[in-house]
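What follows draws every value from the coordinates through simple rules; no lab data is involved. Only a predicted model underlies this, so the values are computations on that prediction, with no experimental measurement involved.
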Amino acid sequence: MIYDDIADLAPTLPRAGALAGLDLGDKTIGVAVSDGLRSVATPLETIKRRKFTLDAARVLEIMAEREIVGLVLGLPRNMDGSEGPRCQSTRAFARNLERLTPLPIAFWDERLSTVAAERALLEADTSRKRRKEVIDHVAASYILQGVLDRMAHLRRDI
């Protein structure tokens, strides 16, 4: 099942279990995972894009290894909130992945996640070469952390 709103995803998840976050780019997929209590997102790896079947196989392999219970994809909306070709591509990836896994998939507005990741890496005095290597999975962790914070807020509201 695919959800546009984290508030709709949250009730479908077990009480504990890790989530994964993806930052889909044209050339790479950044991957981050949470802890089982869903409080902290950690950058994991960057997958070099080849074709969907190979990309999906690696994502599913990570999900199995890490016992992931749900997946969040960053939705790259335009700054005005509209959806362009990159959003369409992300939604297509989710629809194709949904056929391969019973786990719930949700979207999270990822505007400025890469900017935030870049800023954090610059503040950490990370070299240009290293930033290029890690930016995608650090951005995925920003996306996932946003979801974890939102879900914690939802739990407090109940």
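Under 5 Å from the amide H of Ala106 lie the amide H atoms of Tyr3, Leu71, Val72, Leu73, each residue being 5 or more positions distant or on a separate chain, with H modelled from the backbone and absent for Pro and chain starts. Distance between the C-alpha centres of the range 1-53 and the range 56-90: 7 Å, rounded to the whole angstrom.
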